[in-house]
1. Return the only residue of 146, 172 being assigned to a helix (DSSP H, G or I), in contact (Cβ under 8 Å) with a residue 24 or more places away in the chain, more than 22 Å from residue 83 (Cα to Cα) and open to solvent by less than 10 Å² (accessible area, probe 1.4 Å).
2. Taking the stretch 322-351, which residues are closer than 16 Å to residue 302 by Cα and either touching a residue at least 40 places away in the same chain (Cβ under 8 Å) or of a type in the set (Asp, Glu) (or both)?
3. For the stretch 127-143, how many residues are in contact with an Asp or Glu (Cβ under 9 Å, 6 or more places away or on another chain) and open to solvent by 10 Å² or more (accessible area, probe 1.4 Å)?
4. If you go through the stretch 184-217 one residue at a time, how many are surrounded by 13 or more Cβ atoms within 10 Å (Cβ to Cβ), modelled with pLDDT under 90 and either of a type in the set (Ser, Thr, Tyr) or in a loop (DSSP other than H, G, I, E, B) (or both)?
5. Need the failing condition index for residue 306 against (1) at pLDDT below 90; (2) closer than 23 Å to residue 274 by Cα, just the number.
6. Please enumerate the residues belonging to the stretch 111-126 that are over 20 Å from residue 204 (Cα atoms), polar (S, T, N, Q) and either open to solvent by less than 30 Å² (accessible area, probe 1.4 Å) or in contact with a Pro (Cβ under 7 Å, 6 or more places away or on another chain) (or both).
7. For the stretch 274-298, name all the residues that are open to solvent by 10 Å² or more (accessible area, probe 1.4 Å) and assigned to a helix (DSSP H, G or I).
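The values are calculated or read from the model by the stated rules, or taken from the named source; none is laboratory data. Please read all numbers here as calculations on a predicted model, not as lab measurements. When we count neighbours, we look across all protein chains shown, and the Cβ atoms used for this are built from the backbone with ideal geometry, even at glycine. Each accessible area value is taken on the protein alone, full model and side chains, heavy atoms only, with ligands, DNA and RNA left out. Shrake-Rupley method; radii C 1.70, N 1.55, O 1.52, S 1.80 Å.
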Amino acid sequence: LRRPGRRGRCFGSRRNRARGSPGTMSDGKYFSTTKKGEIHELKQELRSLDRPKKKEAVKKVIAAMTVGKDVSMLFPDVVNCMQTEDLELKKLVYLYLINYAKTQPDLAIMAVNTFVKDTQDPNPLIRALAVRTMGCIRVDKITEYLCDPLQRCLKDDDPYVRKTAAICVVKLYDINPELVDDRGFLETLRDMLGDSNPMVVANALAALREISEIGGRSALTLTQHTLMKLLTALNDCTEWGQVFILDALADYTPSGASDAEKVAERVLPRLQHVNSAVVLSAVKTLLRMMDAVSNEDLVRAWCKKMAPPLVTLLGAEPEVQYVALRNINLVVQKRPAILANDVKVFFCKYN
């Protein structure tokens, strides 16, 4: 079954944009300079001891990079700005590094010590930012330095750092699958399915499923023990975390009718969710569980509960309607009786 995503939203309201709120109109000045000698001037500003001036210079560099100018010759000077406690400045420098590290791999090594140091910073936001950025820099020379900090972050005290590190394992696997296997990262991800934080569980699950797709072999086998952990995390996850868990449950083969009923009982409330992706993932899971249930009265009761949410999706935006109809087409091929009493909603309406 396919699932729809949500439309992207602009940062800030229309009112804030009209006022020129920070991060919108006020930053427009950085994109308007095309004067000669700009690179030399930026180099001088990046070497300045004045922190605000240095930060302004990095913003100008990022703006130039965004509009397609080549500012790779400033790499050493920008890297020197990494050693700061200013989170905004650090984010900007990391953004620059992700963009240019592949073309400047030898210079990117200069940043490794700072990355490793940042993964041990007292601030969990900086620890997570460092390990995320190291995962995004697709340079083989840096990969070997990533393993030890990543192993630390996977067992970090802060759940935000752990959930970020879980996704970083996927990025590392995409670059060097053998390294992930040798260092035991897959086993660590499996252990994280029992984490006390539901978002860590969801990210670990998402990472294992994506690794399975990349590697062409299953990195996750759902057992009774793992199943209970996922069902426990389901209620407290964010909506997209719920989608990851429901998709995993749809691949689970129940051991019998009672096992399938137990899963279905936990999944049925998700049919009332406001997110259409959660609804469709729940429908997919329930259809799989129905195959293991021989009680026809129970199956009919589940079908009756599935009909209204599917009909409701047809009143959503055109894009969601299209995805819903494609999914409904598959659903009625397997269970024609589900929408037997709602045929009228599929008639074309003219005005």
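1. Being assigned to a helix (DSSP H, G or I), in contact (Cβ under 8 Å) with a residue 24 or more places away in the chain, more than 22 Å from residue 83 (Cα to Cα) and open to solvent by less than 10 Å² (accessible area, probe 1.4 Å) holds for just one of 146, 172, which is 172.
2. Within the stretch 322-351, 331, 334, 335, 342 qualify.
3. Qualifying residue count, the stretch 127-143: 4.
4. Residues flagged as surrounded by 13 or more Cβ atoms within 10 Å (Cβ to Cβ), modelled with pLDDT under 90 and either of a type in the set (Ser, Thr, Tyr) or in a loop (DSSP other than H, G, I, E, B) (or both) within the stretch 184-217 amount to 1.
5. Result: residue 306 passes all but (1).
6. 114
7. Once the filter is applied, which keeps residues that are open to solvent by 10 Å² or more (accessible area, probe 1.4 Å) and assigned to a helix (DSSP H, G or I), the stretch 274-298 yields 276, 284, 287, 288, 296, 297, 298.
Residue-by-condition table, conditions (1) touching a residue at least 12 places away in the same chain (Cβ under 8 Å); (2) out of contact with any Phe, Trp or Tyr (no Cβ under 9 Å at 6 or more places or on another chain):
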position: 228; (1), (2): no, yes
position: 245; (1), (2): yes, yes
position: 248; (1), (2): yes, yes
position: 254; (1), (2): yes, yes
position: 257; (1), (2): yes, yes
position: 268; (1), (2): yes, no
position: 272; (1), (2): yes, yes
position: 280; (1), (2): yes, yes
position: 284; (1), (2): yes, yes
